[in-house]
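The next block holds one structure in the form of structure tokens; read it before the comments.
None of the figures in this text is laboratory data; all of them are computed from the coordinates on show. None of the values given here were measured: they were computed from a predicted structure. Note that we place each Cβ from the backbone using ideal geometry, even for glycine, and neighbour counts take in every protein chain shown.
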Amino acid sequence: MAPSGSRSVDCWRVLYWIPVLFISLIVAWSYYAYVVQLCIGKARIVYLLVYHVLFIMFVWSYWQTIFTKPMNPLKEFHLSHSDKELLEREDRRESQQEILRRIAKDLPIYTSTMSGAIRYCDHCLLLKPDRCHHCSACDMCILKMDHHCPWVNNCVGFANYKFFMLFLAYSLLYCLFITATDLQYFIQFWTNGLPDTQAKFHIMFLFFAASMFSVSLAFLFAYHCWLVCKNRSTLEAFRAPTFQHGPDKNGFSLGTSKNFRQVFGDEKKYWLLPVFSSLGDGCSFPTCLVNADPEQPSSPSGRNPSVKRSMAQNELFI
């Protein structure tokens, strides 16, 4: 017999899918309202073609965002059995930090906690790679964690951030297209120009739903476009990563073009497709050498003293 605790956890996990189910039902209804009630029988062939392209890309990117599992940190970031035992035997925090520093010295870790300590996860028993955070909802460390999104019941991070951006873009285009093409019928509804059938109510509610979602999606998409251009996650926008010289919100910024390619990759043919093409392994990231953002004052030398990796590694992204 399964323990009651595990059953309650499973019940909570089922509840997490309610927002996803809600969005799925809204999308299914919008398909019926637009295709069956609005377009079929009215010779809207061009509308239907454009609509189905946007619908497929929207559903594809949404599916990828939901079901792309977060990537685990590489094996070298996990503590060995002997290191775990050594860490457990130490009671003093200073001694534990010395052990963690010894392990971290050969790893590409360049950020720390606000106090300068090694970022260590007690739950996953690993040294956190740069930009990695533990998600309590997923109960695991997420590479380049942006946020946990209830609308996809998944963490948005390195593995699916591109998919999330495309999901926002295509869902916004989807809603804007419906709003624009439904507007004339919505006006006819208020001027009593539509026949008194069931379709008129679908047309009215479809316009309201699409226009309201368009506004919220536009703000969210614009915010994440700004984050991509700055090469920041949502968490880093609220709390700057701490390097050797202190917090630096622009520590990972390489310039707008290179920042964009960090997420979408170098192959332009994949930019608009929800297939993985982001650069890197999610555990290490190139850092800026010159602080060029006017929002952040430069250091006296104009250099980022926290950068310990070679110039050649950064030149790969130029």
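Some values worked out for this structure:
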| item | result |
| --- | --- |
| Vicinal HN-Hα couplings computed from phi for region 246-261 (Karplus, 6.51 cos²θ - 1.76 cosθ + 1.60; Hz; Gly/Pro x) | x, x, 8, 5, 9, x, 9, 7, 10, x, 4, 5, 5, 4, 4, 5 |
| Distance in nm between pseudo-label sites at residue 229 and residue 98 (7 Å out along the Cβ direction from Cα) | 4.9 nm |
| In region 101-221, lysine pairs with alpha-carbon atoms under 29 angstrom apart (chain gap of 8 or more, or interchain) | 5 |
| Long-range HN-HN contacts of residue 134 with modeled amide H, under 5 Å | 142 |
| Segment residue 215-residue 22, extension gain: residue separation times 0.36 nm, minus the distance between their alpha carbons | 67.6 nm |
| Rg to Rh quotient for region 222-266, alpha carbon positions, Kirkwood Rh | 0.99 |
| Rh by Kirkwood over Cα pairs, then Stokes-Einstein D for region 211-294 at 1.567 mPa s and 4 °C, µm²/s | 91 µm²/s |
| Loop-located trypsin sites (Lys or Arg not before Pro) in region 208-246, at most 13 other Cβ atoms within 10 Å (DSSP) | 239 |
| If the convex hull is drawn through the Cα atoms of region 41-140, its volume per residue in Å³ | 154 Å³ |
| Rounded to whole Å, sorted largest first: equivalent-ellipsoid semi-axes of region 125-215, Cα gyration tensor | 43, 12, 7 |
